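Since the structure comes first, as structure tokens, the remarks are kept for the end.
The values are calculated or read from the model by the stated rules, or taken from the named source; none is laboratory data. Predicted model only: the values in this text are computed from it and were never measured. In this analysis, Cβ positions are derived from the backbone assuming ideal geometry, glycine residues included, and neighbour counts consider all displayed protein chains.
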Amino acid sequence: MELAHIYRAIAWEEDVDISDNHEENKLQSDKNIAALYENPYSVVKQAFTIKPASNDADIKLLVRRALILRGDCQMELGLYDEAVNSIEEARTLIPEDILEGDALAVVPLSLSKAGRSNQIIEKIQNWRMFDLMAWLTYDYTAEEDQDPNIIFYYAAKLAGKEAYAIQVYEQIITYLDTRNEAGYVRNYLASFYSGVMSDPEKVKEICQKVCLSFCCYCCHDCANIAVYIK
């Protein structure tokens, strides 16, 4: 996504007029969102007009990077269905490889932005466990409403797929337990049982496992739900 970041920096440095008026800032920001993604989107669309037909591994990697860039731009420009399609194409282009979590996040986030959170579970049920793990555990730095786990909680509840969400977390925990790195994912599962399932006994059970493990780095999360461990 380097090209998008370059255009973003240029747009904000040259075009944004900082104002004390919050509403004016918001309007200016919305206008610039489109402006800073239109150029890279135009470039990548042009690139796909000469997309090479090749099974060469290096060419596939380049095409996948372009698909990820295209999906990122499409989401920011409000082309949500197109963004989902771009990332899904990137995800399946090299089956033996796993996309990074921030790239995969475009799919559920696009559906969420489109007001179709009820369709997220149906879409990601086709993902492998490693795809889901990459998405749910990536280190996002955006607003809270873009937190992959919060999006997952809400989507599962909307779709009546709470059991599926629990199964996903348990599969990830089973895998990470072999590396002694499952503590923070147990925190996500505990939060799901607390906020979605309203099951304090299950929260207590999970938190006890987290706090007794050697891999609990989420002291803040543990403190938030420590009320159950009494």
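Restricting attention to segment 171-211, and to residues there that are of a type outside the set (S, T, N, Q) and part of a loop (DSSP other than H, G, I, E, B), which single residue is farthest from residue 132 (Cα to Cα)? Before you say what the answer is, go through the steps one by one.
Taking segment 171-211 as the starting set, the residues that turn out to be of a type outside the set (S, T, N, Q) are 172-173, 175-177, 179, 181-186, 188-190, 192-193, 195-197, 199-207, 209-211.
Imposing the further condition that a residue be part of a loop (DSSP other than H, G, I, E, B) reduces the set to 179, 181-182, 196-197, 199.
Numbers: 179: 18, 181: 16, 182: 15, 196: 19, 197: 21, 199: 24 Å.
Here the residue is 199.
Pick from 95, 108: which is in contact (Cβ under 8 Å) with a residue 40 or more places away in the chain and either under 19 Å from residue 190 (Cβ atoms) or not acidic (Asp, Glu) (or both)? Walk me through it before giving the result.
Numbers: 95 fails: in contact (Cβ under 8 Å) with a residue 40 or more places away in the chain.
Within the list 95, 108, the selection yields 108.
Can you tell me how many residues within segment 69-80 are small (Gly, Ala, Ser) and surrounded by fewer than 23 Cβ atoms within 10 Å (Cβ to Cβ)?
Residues flagged as small (Gly, Ala, Ser) and surrounded by fewer than 23 Cβ atoms within 10 Å (Cβ to Cβ) within segment 69-80 amount to 1.
Tally the residues that are farther than 16 Å from residue 140 by Cβ and either in contact with a Lys or Arg (Cβ under 7 Å, 6 or more places away or on another chain) or of a type in the set (Ser, Thr, Tyr) (or both), restricting the search to segment 87-122.
Adding up the residues that qualify gives 7.
For segment 177-200, which positions are without any contact (Cβ under 8 Å) to a residue 24 or more places away in the chain and more than 18 Å from residue 157 (Cα to Cα)?
Scanning segment 177-200 gives 177, 178, 179.
Residues that are assigned to a loop (DSSP other than H, G, I, E, B), at pLDDT 90 or above and hydrophobic (A, V, I, L, M, F, W, C): does segment 14-21 have at least one? Walk me through it before giving the result.
Of segment 14-21, the ones assigned to a loop (DSSP other than H, G, I, E, B) are 16-21.
Keeping just the survivors that are at pLDDT 90 or above gives none.
No, segment 14-21 has no match at all.
Checking the conditions here, which among 66, 83 is crowded, with 19+ Cβ neighbours inside 10 Å, within 16 Å of the chain's Cα centre (by Cα) and part of a helix (DSSP H, G or I)? Explain how you work it out, then say what you get.
Details: 66 fails: within 16 Å of the chain's Cα centre (by Cα).
Of the residues listed, the single one that is crowded, with 19+ Cβ neighbours inside 10 Å, within 16 Å of the chain's Cα centre (by Cα) and part of a helix (DSSP H, G or I) is 83.
Restricting to segment 62-87, what's the tally of residues that are in contact (Cβ under 8 Å) with a residue 24 or more places away in the chain and either closer than 18 Å to residue 129 by Cβ or hydroxyl-bearing (Ser, Thr, Tyr) (or both)?
Count: 1.
From 176, 189, grab the single residue that is among the hydrophobic types (A, V, I, L, M, F, W, C), under 18 Å from the mean Cα position of the chain (by Cα) and at negative phi. If you could, list the steps in order and put the result at the bottom.
On the way: 176 fails: under 18 Å from the mean Cα position of the chain (by Cα).
Step by step, each of 176, 189 is checked, and only 189 is among the hydrophobic types (A, V, I, L, M, F, W, C), under 18 Å from the mean Cα position of the chain (by Cα) and at negative phi.
Here is a check on your reading of the model: is residue 151 over 15 Å from the mean Cα position of the chain (by Cα), assigned to a helix (DSSP H, G or I) and either surrounded by 15 or more Cβ atoms within 10 Å (Cβ to Cβ) or not small (Gly, Ala, Ser) (or both)?
On the way: over 15 Å from the mean Cα position of the chain (by Cα): no; assigned to a helix (DSSP H, G or I): yes; either surrounded by 15 or more Cβ atoms within 10 Å (Cβ to Cβ) or not small (Gly, Ala, Ser) (or both): yes.
In short, no.
Mind listing whichever residues of segment 37-59 are among the aromatic types (Phe, Trp, Tyr) and in contact (Cβ under 8 Å) with a residue 40 or more places away in the chain? Walk me through it before giving the result.
If we filter segment 37-59 for residues that are among the aromatic types (Phe, Trp, Tyr), which is where we start, we get 37, 41, 48.
Across segment 37-59, the qualifying residue is only 37.
Quick one: which of 60, 31, 26, 51 is at pLDDT 85 or above and either out of contact with any Cys (no Cβ under 8 Å at 6 or more places or on another chain) or among the aliphatic types (A, V, I, L, M) (or both)? Show your work before the answer.
Numbers: 31 fails: at pLDDT 85 or above; 26 fails: at pLDDT 85 or above; 51 fails: at pLDDT 85 or above.
Exactly one residue qualifies, and that residue is 60.
Pairs only if they're at least six apart or on different chains, beta carbon under 7 angstrom, first in segment 134-152 and in contact (Cβ under 8 Å) with a residue 24 or more places away in the chain, second of a type in the set (S, T, N, Q); list them, first residue then second.
136/149; 140/146; 151/112
Would you point out the residue of segment 128-149, among those that are in contact with a helix residue (DSSP H, G or I) (Cβ under 7 Å, 6 or more places away or on another chain) and modelled with pLDDT under 95, that is nearest to residue 100 (Cα to Cα)?
Residues of segment 128-149 that are in contact with a helix residue (DSSP H, G or I) (Cβ under 7 Å, 6 or more places away or on another chain), as a first pass: 129, 131-138, 140, 144, 146, 148-149.
In the following step, the residues that additionally are modelled with pLDDT under 95 were identified as 138, 140, 144, 146.
Numbers: 138: 8, 140: 11, 144: 19, 146: 16 Å.
The extreme case among them is 138.
Being crowded, with 18+ Cβ neighbours inside 10 Å and among the polar types (S, T, N, Q) is the filter; apply it to segment 159-216 and report the residue that is nearest to residue 120 (Cα to Cα).
Per the stated criteria, the residue is 191.
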